[in-house]
Amino acid sequence: MRDTGSAVSRFLGRRAWLRLSSAGMLMPLVGCGREDAARPAAGFAGLGEAAGSYLPVQRGRPLVFPQDHDAHDGYRIEWWYVTANLRDEAGHDWGVQWTLFRSAIRPGQAGEGWHSPNLWMAHAALTGPGGHQHAERLARGGIGQADVQVAPFRAGIDDWALEAPVSAAPAGQDALARLQMTARGDGFAYSLALASDAPLVLHGDAGYSEKSGAGQASYYYSQPFYRVTGEVIRDGKAVAVTGRAWLDREWSSQPLAPEQEGWDWFSLHLANGDKLMVFQVRQRDGSHYRAGTWIRPDGQQRALASGEIGLEARTRSRQVHGREVPTTWAVRVPVAGVDTTVTALVPQAWMCGTFPYWEGPVRINGAGGMGYLEMTGY
């Protein structure tokens, strides 16, 4: 197998990382403790490695729907990402994550069977009373184990799915208006219905989202207005929940600069109905590249520049799988009237998988509301 030098290629291309089980599942051979957390030379998960002959992300390329809900062969990395803030009838807060990643081990179009360059990785998590549980699935492209289709929309791996009901599958942007989301892991599962009548949000410059001052970027859009109903299951007990969800779609060939180590990303549902997406990408010299989007209840949006965003780690939780991770943050966006702190619902929300990171629900203090925080490179 060709090794392009990327962490994604090493993900499948080296037997020291993976084995193929008798059931056909790709299983990681590495652990998730600090001793196994050596950082690649080019950013978190190798995402700062040069794009080479993969397709570039270019400003001015219009996003087209429903086509851009599909996979983008020729680009190196992309994901379909949903986080949900939920509450049960007893008033307990829950968080759910569903993510499907597509990575390419070489440029070019997808082929059939083992000729496909695509690798698939999926993460699911349930966070709430009793702690944080997570699961990972891995698959090789081209053999039917994982895939994405547009009409009707479906993204899935094994029996995990994010899909539009066949009876309610509109076209264009609205192809994602009604979705059913299911996943399960050891000791947990969930089945949730997502619905939104709001337009998609295009981040950055009409979907062109810069990640550094040197031109690294991705195509990035969201649907942050989902209403959610359904149930979560922990240790065999089903709990009815309602709440809000946020879907992110992003693809790129080099989203980070080589000197960038990781990122801190926030998606926030404010009590006044506003939505806020802000992130910072951390660099080895201690500087940060920041950007974001302020979204009003009617769907109007405003791109936020680095100087309009203040992010400061306040409280660090120790011994999060051998790490010290910031789990309370000050968030300031004066133009949006936001000056608040966010606090992790469960500080130990560590995603212990092939590429470890922190992901979990947060409470918004002061401004009120809930949201999600993702932190990589710690």
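Values quoted throughout were computed directly from the atomic coordinates according to the rules given, and no laboratory measurement underlies them. On a predicted model such as this, the values are computed, not experimentally measured, just so you know. Cβ sites come from the backbone with ideal geometry, for glycine too, and all protein chains shown count toward neighbours.
So what's the stretch 179-219 giving for Cα Rg divided by 2.2 N^0.38 Å, two decimals? Please report the intermediate quantities before stating the final value.
Numbers: Rg = 16.9 Å, N = 41, 2.2 N^0.38 = 9.0 Å.
For the stretch 179-219, the normalised Cα radius of gyration is 1.87.
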Give me the net charge for the shell around Trp350: Cβ to Cβ below 9 angstrom, other residues only, Lys and Arg +1, Asp and Glu -1.
0
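Sorted from largest to smallest, which semi-axis lengths in Å does the alpha carbon gyration tensor of the stretch 75-197 give for its equivalent ellipsoid, taking the root of 5 times each eigenvalue?
Details: eigenvalues 149, 72, 24 Å².
They are 27, 19, 11 Å, listed from largest to smallest.
Between rounded, prolate and oblate, where does the stretch 112-168 land on the alpha carbon gyration tensor, with a ≥ b ≥ c its root eigenvalues, rounded for a/c under 1.5, else prolate if a/b exceeds b/c? Before the final figure, lay out each step's value.
Values: a/c = 3.95, a/b = 1.36, b/c = 2.91.
Verdict is oblate for the stretch 112-168.
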Sequence ranges 143-151, 90-98, 53-61, ranked by mean other-Cβ count within 10 angstrom, highest first
90-98, 143-151, 53-61
Roughly how far apart, in whole Å, are the Cα centres of the stretch 209-236 and the stretch 283-331?
15 Å
Could the peptides 99-105, 211-217 be put in order, highest first, of the mean number of other beta-carbon atoms found within 10 Å of their residues?
99-105, 211-217
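Normalised by the residues of the stretch 277-334, what does the relative contact order come to in percent, with Cα pairs under 8 Å and at least six apart? Don't skip to the answer; put the middle values down first.
Numbers: 88 pairs, mean separation 14.0, N = 58.
Result for the stretch 277-334 is 24 percent.
Can you tell me the mean projection area, over all orientations, of the convex hull of the stretch 228-374's alpha carbons? Units nm², please.
Working: hull surface 42.7 nm².
Average of the hull's projected areas for the stretch 228-374 equals 10.7 nm².
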Give the separation of the Cα centroids, the stretch 114-150 to the stretch 338-378, in Å.
21 Å
